[in-house]
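Chemist: What follows is a single structure, and I will ask about it in a moment.
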Amino acid sequence: MMEFREHLQTNIVILDGGMGTMLQKLGLKAGGLPEALNIESPELIQRIHSQYLKAGTEVLSTNTFGANALKLKGSGYTVEQIIAAAVENANQARKACNKPAYIALNIGPIGELLEPMGTLSFQEAYDLFKEQVTLGVKEGVDLILIETMTDLYEAKAAVLAAKEHSNLPILCSMTFEKDRRTFTGCTIPSMVMVLQGLGVDALGVNCSLGPVELEPILAEILSVSQVPVLFQPNAGLPSVVNGETVYNLSPQEFARYGRKFAEKGVRILGGCCGTNDEHIRALVQELQGVKVAAREVSPLVGVCTPTKVVPLDRVRVVGERINPTGQDKLSQALIQGDLDYVVREAIEQVEAGAEILDINLDLPEIDVAETMERMIKEIQAVLDVPLQIDSTNPDVIERALREYNGKAIVNSVNGEEASLQKILPLVKKYGAAVIGLTLDEQGIPEKAEERYAIAKKIVQRARDYGISKEDIYIDCLTLTAASQQEAIKETLKALELVKDGLGVKTVLGVSNVSFGLPNRELLNRTFLAASLYAGLDLPIINPLDQEMMDTIRASSVLWNADVGARDFVAAYEDTQAECPRQRKETSQDDLGEIILRGLKDEVGLITKKLLTLNPPLVIVNEIIVPALDEMGARYERGEAFLPQVIRSAETAKNAFEILKEALKSDGSADISKGKVILATVKGDIHDIGKNIVRMLLENYNYEVFDLGKDVDPQTVVEEAIKHQVKLIGLSALMTTTVGYMEETITALKEENPKFEVMVGGAVLNEEYAKNIGADYFGRDAKDAVSIARKVLG
Amino acid sequence: MKQEVLRYLGYNNQLPDEKTSVLVDSCLEEIAGLAEVRSTHRFYEIKKAEGYLALKGTNLILAGTDITRHLAHSSVCLLMAVTLGHKVDCKIRYYQKTDFSRALVLDACATAAIEEACNNVVQDLAQDLLKAGQKLTTRYSPGYGDFPLEIQSRFVETIEADRSIGLTVTSASILIPRKSVTAVAGVIDLDQDLTPPTCLDCRQYGQCHYSKGVE
């Protein structure tokens, strides 16, 4: 038999139809485990395989959709047993029918979602898939079929596991709803960009709907996918009759659609829920004589997250601010592990209009690769902005590209041989885009033509590695006007040469130009305007600089990218009506009252004013703390409610930010009253309560190490030792997770009986807390503060 | 719905201050745009056994005295699942980084929204049942009383809520998306007189922050 890849090159391939719905028809109960039947009734599974073979199926899909260690837990079977039996069943059917067919290891979703939506880490998901793939390879399957994915991150874990543990062809399909998104919000172009980038042999769509409803989704995939497209629809729309799901499309109708799609260029066809051997038989007949159809593809140019694509069809702003160079506050936050600060920095840039964020974490004091991983996780939990990994260290780049959910940009490779050899394979493997800097072993060439020559070399080498031209962006390097004034125009000239000669996208870090000169903003935006005129696609700038953003919006109008000036008008139509900016006058000048009323936008001014008259510590102890106490008392008496308490806390927090700066500069003593660790226990992901406690404790100047949610008991112990913490606060909301709370307390007490633990959460009470070994029970956040005062003073 | 949101935020018939009131209104509007309500349901014949109920044609067992009592007058029951989708979760995470008050209030609005979505599903089904002279008991969810939370995973698989509405369950039996509900309701005759349960019937009575003014 021909290798599958070879076969696919010249043929339309017929898969099989549904397995689960066939089994249900034969009596499998709802909620039962279909994979167990591989062992319990092998003859049943073999019969279904044989039916498909007789109908003309060319690829048998093993009955292993849910055969992962997580789903099989408690079933009495191991993954190894199930996969071995399942492949054997397919083999037996093939023998019995005496028909050649490929055997595909079928891999479905894990059943639990990955972070940030769920609790599985990317690595855990990868390991589950790895086990399946390794066993499938051992049993001799011919290809791997990953299907019914709704989460692109999970699909990525599966494809990577398959790539790294086999050389087999990989088919991957996802499940879309009528709104053209998967349940987790993944868009069609995001799927295509990412799966294609990871190097699957075919991608497509299966399940959820029938061929009629899926047609527009399929059409979109066909128009952009550069790899063969696979299609396995259900036998029409499901409807429930007497508690059973029924599908209504007849084999003949199903087959007619199959033919229609094959003629439009679909290369792999089969069925999903509700289809049976009759559907496949009809499909095979209908496809007789149908030749592989050519299709027109307009390749996607751009980057993405699962839910958002940023096409490079016009100028896109790359935010530069997550970079410790010259940013003391950010460096400090990174060193202290305060990733929340960095995340807020990311959010601010996106709100200001950045469409891609550059992430550079080069600081000698931190473990860059590890921080990069955490940073990416944190950012993608709250933002759907594509990221640009800014590092020249292959280890940092690889770990970032693994963790990142989507298609990223690698910033950067350069013309040096060592750089090309180390970076480009990573870019190819993970399907990223890459920025090439026009410098090499000899440094940055003075002349535009020489920079162009390096750019050409980089593009050629990237192409040799299989990276497509659309994914190579060239940076002609901005020099500083203060030291190399005559070189500025060489950069612009090189940019034009690259645009014309190589036809690739271009990038520039703009702000470099003004280094060492006054009125940097003016130079920056003038240079920006010139670069945009020269054809710059991706300016790397500070998006909080309003005038830079203004220049970009204006250029987009002038170069006819913002068609009809729609975005421009939306951004500026109110400008004329707006009076000259007035500073909001504070109606109150009593800081305590401002905190009580939760006027969080007004607190800054008055705090600064007070600082001119009082030392910071006096403000803390004589105004802020009494105000917070008063709010607490009002809450206790039922006169104030949670939203007011939180607003006060946020207001006080804003005041503290200013006071802390003042304390740092006047060198006064640390105002920390002691350290507390907070964590939502393993298994639990409810963290609003814990975050309220954190805010209040910080208001009272306790130094809080927030370990987040779903925290392993051992991590709590390690962090408690590392930070020499006396008080640990644990939160759990579910009866099912209180067990982990107890386990964490036991681990803490075993390590050091002097650790004191306070617990809180909806299912707990005083007595329950005692029973699981906690020292304190906090009914609410106010209680947590009282406990901290008692333990730490 | 605003009244419910305020109750989740700890108000007990008191009026909120102006700022809170405005915030709640604005979050209610936001949740209406964020929520992608999806639901699915199935009816099953109940097979009664000692201390538990089995559902015909499934591997699902409804265990515990509370659910047994809840379905005492039913021979058929409804299993339903409803979700608001992932966007809501993501936005609540987002506001926790930028505007915590808003995160808190949006979370409460989402809880009110999922309850309302459940009520809508039940009302629609009740309309259909009416023709057959039947109605539904109140909803009862895994985790209530001694009805074990651990059945979430099999519950979801049984009614195929994973495939039809994208509902998943973590190993600690937490539903994802977070703002989701699974519930059981009994089908009963129209003339069956059941007093709706009050806070006084609940095992959490006396410890709960959310009691409806019966303290």
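Chemist: Could you pull out every one of the helices (runs of 4 or more DSSP H) wholly within the range A:494-573 that has 2 or more residues that are in contact (Cβ under 8 Å) with a residue 60 or more places away in the chain and touching a Leu at 6+ places or on another chain (Cβ under 8 Å)?
Modeler: Answer list for the range A:494-573: A:546-558.
Chemist: Exactly one condition in (1) surrounded by fewer than 24 Cβ atoms within 10 Å (Cβ to Cβ); (2) at pLDDT 95 or above; (3) among the polar types (S, T, N, Q) is false for A:T119; which is it?
Modeler: Of everything listed in (1) surrounded by fewer than 24 Cβ atoms within 10 Å (Cβ to Cβ); (2) at pLDDT 95 or above; (3) among the polar types (S, T, N, Q), A:T119 misses just condition (2).
Chemist: Kindly indicate whether any position in the range B:98-105 is surrounded by fewer than 20 Cβ atoms within 10 Å (Cβ to Cβ), out of contact with any Gly (no Cβ under 8 Å at 6 or more places or on another chain) and not basic (K, R).
Modeler: yes
Chemist: Any idea how many residues of the range A:643-664 are within 8 Å of chain B (Cβ to nearest Cβ) and touching a Lys or Arg at 6+ places or on another chain (Cβ under 7 Å)?
Modeler: Summing the residues that are within 8 Å of chain B (Cβ to nearest Cβ) and touching a Lys or Arg at 6+ places or on another chain (Cβ under 7 Å) in the range A:643-664 gives 2.
Chemist: Here is a further query. Evaluate the following for B:D66: is it modelled with pLDDT of 95 or more and in a helix (DSSP H, G or I)? Even if it seems obvious, please write down each step before you answer.
Modeler: On the way: modelled with pLDDT of 95 or more: no; in a helix (DSSP H, G or I): yes.
Spelling it out, it is not the case that B:D66 is modelled with pLDDT of 95 or more and in a helix (DSSP H, G or I).
Chemist: Checking B:R178 against (1) facing chain A (nearest Cβ under 9 Å); (2) within 29 Å of A:K653 (Cβ to Cβ); (3) more than 13 Å from the chain's Cα centre (by Cα), only one condition comes out false. Which one?
Modeler: Failed condition: (3).
Chemist: Let me ask something else. Taking the range A:613-634 on its own, how many of its residues are touching a residue at least 40 places away in the same chain (Cβ under 8 Å) and of a type in the set (A, V, I, L, M, F, W, C)?
Modeler: Here the count works out to 6.
Chemist: Evaluate the following for A:E164: is it farther than 30 Å from B:V37 by Cα and either modelled with pLDDT of 95 or more or part of a loop (DSSP other than H, G, I, E, B) (or both)?
Modeler: Criteria met by A:E164.
Chemist: Test B:C77 against the criterion of being modelled with pLDDT of 95 or more and either surrounded by fewer than 22 Cβ atoms within 10 Å (Cβ to Cβ) or facing another protein chain (nearest Cβ under 9 Å) (or both), and give yes or no.
Modeler: Working: modelled with pLDDT of 95 or more: yes; either surrounded by fewer than 22 Cβ atoms within 10 Å (Cβ to Cβ) or facing another protein chain (nearest Cβ under 9 Å) (or both): no.
So B:C77 fails the test.
Residue-wise test of (1) at pLDDT below 95; (2) among the acidic types (D, E).
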{"position": "B:E116", "(1), (2)": "no, yes"}
{"position": "B:N119", "(1), (2)": "no, no"}
{"position": "B:Q123", "(1), (2)": "no, no"}
{"position": "B:K131", "(1), (2)": "yes, no"}
{"position": "B:G145", "(1), (2)": "yes, no"}
{"position": "B:V156", "(1), (2)": "no, no"}
{"position": "B:L167", "(1), (2)": "no, no"}
{"position": "B:S171", "(1), (2)": "yes, no"}
{"position": "B:R178", "(1), (2)": "no, no"}
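Chemist: Considering only residues that are over 18 Å from A:L599 (Cα atoms) and among the basic types (K, R), look in the range B:86-111 and name the one that is farthest from the other protein chains (Cβ to nearest Cβ).
Modeler: B:K91
Chemist: A further question on this structure: Against the conditions (1) over 24 Å from A:G199 (Cα atoms); (2) within 14 Å of another protein chain (Cβ to nearest Cβ), where does A:Q380 fall short? Just the number, please.
Modeler: (1)
Chemist: Restricting to the range A:272-308, name every residue that is surrounded by fewer than 19 Cβ atoms within 10 Å (Cβ to Cβ) and among the charged types (D, E, K, R). Walk me through how you get there before you give the answer.
Modeler: Pass one, the range A:272-308, residues surrounded by fewer than 19 Cβ atoms within 10 Å (Cβ to Cβ): A:278, A:284-285, A:287-299, A:301, A:308.
Scanning the range A:272-308 gives A:E278, A:K291, A:R295, A:E296, A:K308.
Chemist: Further, regarding this structure: So in the range A:147-161, with the set limited to residues that are under 15 Å from the mean Cα position of the chain (by Cα) and not in a helix (DSSP H, G or I), which one is nearest to A:D127 (Cα to Cα)?
Modeler: A:D151
Chemist: For the range B:1-23, which positions are buried (at least 16 other Cβ atoms within 10 Å of the Cβ), hydrophobic (A, V, I, L, M, F, W, C) and under 21 Å from the mean Cα position of the chain (by Cα)?
Modeler: Applying the first criterion (buried (at least 16 other Cβ atoms within 10 Å of the Cβ)) to the range B:1-23 yields B:4-11, B:16-17, B:20, B:23.
Imposing the further condition that a residue be hydrophobic (A, V, I, L, M, F, W, C) reduces the set to B:5-6, B:9, B:23.
Matches in the range B:1-23: B:V5, B:L6, B:L9.
Chemist: One residue is enough: does the range A:638-650 have a residue meeting the conditions over 30 Å from A:T737 (Cβ atoms), of a type in the set (V, I, T) and surrounded by 18 or more Cβ atoms within 10 Å (Cβ to Cβ)?
Modeler: The answer is no; no qualifying residue exists.
Chemist: Mind checking which residues of the range A:667-706 are of a type in the set (G, A, S), touching a residue at least 40 places away in the same chain (Cβ under 8 Å) and under 13 Å from A:L792 (Cβ atoms)?
Modeler: A:G674, the sole residue that qualifies.
Chemist: Out of the residues in the range A:766-782 meeting the condition of being assigned to a helix (DSSP H, G or I) and touching a residue at least 24 places away in the same chain (Cβ under 8 Å), tell me which one is nearest to A:L628 (Cα to Cα).
Modeler: Filtering the range A:766-782 down to residues assigned to a helix (DSSP H, G or I) leaves A:766-771, A:781-782.
If we keep only those that are touching a residue at least 24 places away in the same chain (Cβ under 8 Å) as well, we get A:768, A:781-782.
Details: A:Y768: 30, A:A781: 12, A:K782: 10 Å.
Going through the qualifying residues, I end up with A:K782.
Chemist: Now for a different question. Go through the range A:260-271 and give me each residue that's in a helix (DSSP H, G or I) and surrounded by fewer than 19 Cβ atoms within 10 Å (Cβ to Cβ).
Modeler: Of everything in the range A:260-271, those that are in a helix (DSSP H, G or I) and surrounded by fewer than 19 Cβ atoms within 10 Å (Cβ to Cβ) turn out to be A:K260, A:E263.
Chemist: I would also like to ask the following. Please go through the range A:623-637 and pick out each residue that is exposed (fewer than 13 other Cβ atoms within 10 Å of the Cβ) and either of a type in the set (D, E, K, R) or within 14 Å of chain B (Cβ to nearest Cβ) (or both).
Modeler: Passing the criteria: A:E636, A:R637.
Chemist: All but one of (1) over 21 Å from A:N542 (Cβ atoms); (2) modelled with pLDDT of 95 or more hold for A:D358; state the number of the condition that does not hold.
Modeler: (1)
Chemist: So which of A:T182, A:T245, A:T187 ends up being out of contact with any Cys (no Cβ under 6 Å at 6 or more places or on another chain), within 14 Å of chain B (Cβ to nearest Cβ), closer than 21 Å to A:G271 by Cβ and surrounded by fewer than 23 Cβ atoms within 10 Å (Cβ to Cβ)? Before you say what the answer is, go through the steps one by one.
Modeler: Numbers: A:T182 fails: surrounded by fewer than 23 Cβ atoms within 10 Å (Cβ to Cβ); A:T187 fails: closer than 21 Å to A:G271 by Cβ.
One residue alone meets the criteria, A:T245.
Chemist: Assess whether A:T325 counts as being in the same structural domain as A:L15 (by TED's automatic domain parsing) and of a type in the set (S, T, Y).
Modeler: no
Chemist: Right, here's the next one. Looking at the range A:737-749, can you tell me whether even one residue there is more than 14 Å from chain B (Cβ to nearest Cβ), within 30 Å of A:V618 (Cα to Cα) and surrounded by fewer than 24 Cβ atoms within 10 Å (Cβ to Cβ)?
Modeler: Looking for residues that are more than 14 Å from chain B (Cβ to nearest Cβ), within 30 Å of A:V618 (Cα to Cα) and surrounded by fewer than 24 Cβ atoms within 10 Å (Cβ to Cβ), one finds none in the range A:737-749, hence no.
Chemist: Right, next: Please work out if A:E58 is in contact (Cβ under 8 Å) with a residue 12 or more places away in the chain, crowded, with 20+ Cβ neighbours inside 10 Å and within 14 Å of chain B (Cβ to nearest Cβ).
Modeler: no
Chemist: Among B:E30, B:E36, which is surrounded by 14 or more Cβ atoms within 10 Å (Cβ to Cβ), in contact (Cβ under 8 Å) with a residue 24 or more places away in the chain, more than 11 Å from chain A (Cβ to nearest Cβ) and not in a strand (DSSP E or B)?
Modeler: B:E30
Chemist: Contact list please: Cβ distance under 6 Å, first residue in the range B:155-180 and more than 21 Å from A:K682 (Cα to Cα), second residue assigned to a loop (DSSP other than H, G, I, E, B) and of a type in the set (A, V, I, L, M), pairs at least six apart or on different chains.
Modeler: Matching pairs, first to second residue: B:V156/B:L167; B:T158/B:L60; B:A161/B:L167.
Chemist: Hey, another quick one. Taking the criterion of being among the hydroxyl-bearing types (S, T, Y) and either assigned by TED's automatic domain parsing to the domain that holds A:G197 or within 24 Å of A:V510 (Cα to Cα) (or both), would at least one residue in the range A:447-459 satisfy it?
Modeler: Checked the range A:447-459: at least one residue is among the hydroxyl-bearing types (S, T, Y) and either assigned by TED's automatic domain parsing to the domain that holds A:G197 or within 24 Å of A:V510 (Cα to Cα) (or both).
Chemist: Just give me the residues in the range A:199-209 being within 14 Å of chain B (Cβ to nearest Cβ) and assigned to a loop (DSSP other than H, G, I, E, B), in sequence order.
Modeler: Of everything in the range A:199-209, those that are within 14 Å of chain B (Cβ to nearest Cβ) and assigned to a loop (DSSP other than H, G, I, E, B) turn out to be A:C207, A:S208, A:L209.
The values are calculated or read from the model by the stated rules, or taken from the named source; none is laboratory data. Just so you know, these numbers come straight off a predicted model, no measurement behind them. Backbone-built Cβ (ideal geometry, glycine too); neighbour counts: all protein chains shown.
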